[in-house]
1. Does segment 21-52 hold any residues that are assigned to a strand (DSSP E or B) and either over 27 Å from residue 83 (Cβ atoms) or modelled with pLDDT under 95 (or both), and which are they?
2. Which one of 193, 199, 156 is at pLDDT 90 or above and over 25 Å from residue 221 (Cα atoms)?
3. Can you tell me which residue within segment 53-73, out of those that are free of Cβ contacts under 8 Å to residues at least 24 places away in the same chain and not in a loop (DSSP other than H, G, I, E, B), is farthest from the chain's Cα centre (by Cα)?
4. Please find, within segment 135-148, the residue that is nearest to residue 190 (Cα to Cα) out of those that are part of a helix (DSSP H, G or I) and under 17 Å from the mean Cα position of the chain (by Cα).
5. Which numbered condition trips up residue 172, out of (1) outside any helix (DSSP H, G or I); (2) within 30 Å of residue 62 (Cβ to Cβ)?
6. Specify the residue that is modelled with the lowest pLDDT; the eligible residues are those in segment 53-75 that are in contact with a strand residue (DSSP E or B) (Cβ under 6 Å, 6 or more places away or on another chain) and crowded, with 17+ Cβ neighbours inside 10 Å.
7. So residue 144 clears everything in (1) farther than 30 Å from residue 284 by Cα; (2) exposed (fewer than 13 other Cβ atoms within 10 Å of the Cβ); (3) touching a helix residue (DSSP H, G or I) at 6+ places or on another chain (Cβ under 7 Å) except one condition, right? Which one?
8. Strands (runs of 3 or more DSSP E) wholly in segment 178-290 with at least 3 residues that are assigned by TED's automatic domain parsing to the domain that holds residue 80 and within 30 Å of residue 30 (Cα to Cα) - which ones?
């Protein structure tokens, strides 16, 4: 009998709570980050209803093992819009929800993963999961040009590869006969991050695709958050000098929180990453965002220390 279950997730993609330090002080803020990639302007995007092509809907329904006749529509628990498609088995072990208006797709198969008393079989390796996921991206109509990339060292992928994050879930126990530890991988997941104009949306569940495989390479979980977006307004960004002044004026939100910003004498900015602010796909309709706006995270150290890095969130648009 299994005596312990260990779940290890090799993916962390969320910022902790930031708090603003609205305290002006005489802190010296020094910019040491390379500004070659600093954007001079960025678009604000307007959210519009998404449209999933009929072949995409057909592929999703077939993948989930349903037919269009199985759509329970308004009788479902996940209805956001009258055009939602909602499928669920009688035992509630498998469900598919497609919400075109908000660009959200959610699928879960609770039987695709081994239970706590079973050894998994047919779970794909990391490389196999990646190959499978790429094929499903195509079937689900995902525009790969809008996914995060990174420089690649694999000649098969060319100069750039998709900037994925992985999730591996394992369970372990002591075999009662051999008294040896057994480690079982029962799930392989991959996160793909959506990118707009070279800038990532700030979180996979806020913009991107998560796909996890269980036994016999079946999809155990799928979540796609892909809002319909159109360019709304191109605005200039603050300059690095203006960003440093904003920090000195206490307009940054810091992680970890700075309890006494006034006591800070010197801060060195070592890097930055712009993001688009996203939103989970299952956010209630009345709370859905209407515009996707960029901001910036700056990386800083205090008093020349390199032992700890602070993360500061700031507005990046000059005309906001």
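The values are calculated or read from the model by the stated rules, or taken from the named source; none is laboratory data. For clarity, every value in this text was computed on a predicted model and none was experimentally measured. Reconstructed Cβ throughout: ideal geometry from the backbone, glycine too, with neighbour counts over all protein chains shown.
1. 28, 29, 30, 31, 41, 42, 43 - these are the residues of segment 21-52 that are assigned to a strand (DSSP E or B) and either over 27 Å from residue 83 (Cβ atoms) or modelled with pLDDT under 95 (or both).
2. Numbers: 193 fails: over 25 Å from residue 221 (Cα atoms); 156 fails: at pLDDT 90 or above.
One residue alone meets the criteria, 199.
3. Once the filter is applied, the top-ranked residue is 69.
4. Per the criteria, the residue is 137.
5. (2)
6. 71
7. So the condition that residue 144 fails would be (1).
8. Numbers: elements: 181-193, 199-201, 208-213, 219-225, 228-236, 253-255, 266-276.
Fully inside segment 178-290 and qualifying: 199-201.
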